[in-house]
Ligand SMILES: Nc1ncnc2c1ncn2[C@@H]1O[C@H](COP(=O)(O)OP(=O)(O)OP(=O)(O)O)[C@@H](O)[C@H]1O
Ligand SMILES: [Mg+2]
């Protein structure tokens with residue numbers, strides 16, 4: 001579904017990605033793990049057209065999207081839930097969802113809005129409330145719901161568990177698994193490597209703009225270097 005080849009991105013003089021290659025097959029959950037500044041968010045931003053790569057190629061469903069504008073990439077079916085959620089706190093819950101919507105067809109809008117409310121009943125209850133009054137977990141659900149309004153085929157999730165209590169982290173991960181089971185392909189960026197590896201099919205480990213390891217998530221869970229660097233020095237995800 002997605003192929004990224006030798007992707008290089010720089011912000012001015014700062015080279016953030018030094019040639020990243022990765023792929024995501026239809027139906028997979030693929031996770032990208034790595035320390036702060038490794039280039040995880042930059043990789044997602046390049047895929048969704050928010051930053052322009054200096055070199056490399058991005059192919060989505062057989063189409064080269066390396067130079068495609070962001071709004072067209074969204075319309076092709078790539079949803080992006082950015083780091084820090086970026087919901088509009090001065091607006092209501094429903095207004096935030098409207099912003100994510102396909103507005104050309106009002107019938108489809110109501111269908112999609114209903115589908116989001118079915119999945120997140122708490123958002124339905126709070127639809128007229130200002131988004132600023134939502135808890136951290138509810139704001140994450142709103143950010144996810146907004147991305148789902150466009151029926152994405154591929155969902156890019158940037159640190160969905162950030163700042164959430166362990167119980168809510170669990171809940172968000174369950175939602176991700178459920179979205180995947182109902183047909184959404186997922187590229188998941190996480191600092192919580194233990195959780196990410198426990199739900200993903202495959203994983204890539206990024207260090208300073210390069211892929212240093214990749215493979216089935218289960219293999220990486222048991223990899224000594226991954227355990228030492230990302231799973232709390234030997235305490236693996238399985239305890
Ligand atoms: N807008 C920007 N301008 C300049 N440098 C940037 C910008 N965004 C990111 N960078 C730099 O690019 C590199 C990769 O950043 P990126 O945000 O992709 O990392 P990350 O893996 O998502 O980190 P984190 O886990 O902290 O979110 C870092 O060195 C960062 O300082
Ligand atoms: Mg980031």
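So for the range 169-186 (the condition being within 16 Å of ligand 1 (Cβ to nearest atom) and touching a helix residue (DSSP H, G or I) at 6+ places or on another chain (Cβ under 6 Å)), does at least one residue qualify? For the range 169-186, residues within 16 Å of ligand 1 (Cβ to nearest atom) and touching a helix residue (DSSP H, G or I) at 6+ places or on another chain (Cβ under 6 Å): absent.
So that you can scan it fast, the table gives a plain yes or no per residue for (1) surrounded by 15 or more Cβ atoms within 10 Å (Cβ to Cβ); (2) not assigned by TED's automatic domain parsing to the domain that holds residue 189:
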residue: 39; (1), (2): yes, no
residue: 58; (1), (2): yes, no
residue: 67; (1), (2): no, no
residue: 84; (1), (2): no, yes
residue: 96; (1), (2): yes, yes
residue: 112; (1), (2): yes, yes
residue: 116; (1), (2): yes, yes
residue: 128; (1), (2): no, yes
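Of the residues 79, 27, the single one that is within 15 Å of the chain's Cα centre (by Cα), surrounded by 22 or more Cβ atoms within 10 Å (Cβ to Cβ) and away from ligand 2 (no atom under 16 Å from the Cβ) is 79.
All of 49, 56 fail the test of being at positive phi and not in a loop (DSSP other than H, G, I, E, B), apart from 56.
Only one entry in 197, 156 is closer than 25 Å to residue 6 by Cα and either assigned to a loop (DSSP other than H, G, I, E, B) or within 16 Å of ligand 2 (Cβ to nearest atom) (or both), namely 156.
The values are calculated or read from the model by the stated rules, or taken from the named source; none is laboratory data. Bear in mind the structure is a predicted one, so any value in this text is a computation, not a measurement. Note: ideal-geometry Cβ built from the backbone for every residue, glycine included; neighbour counts use all protein chains shown.
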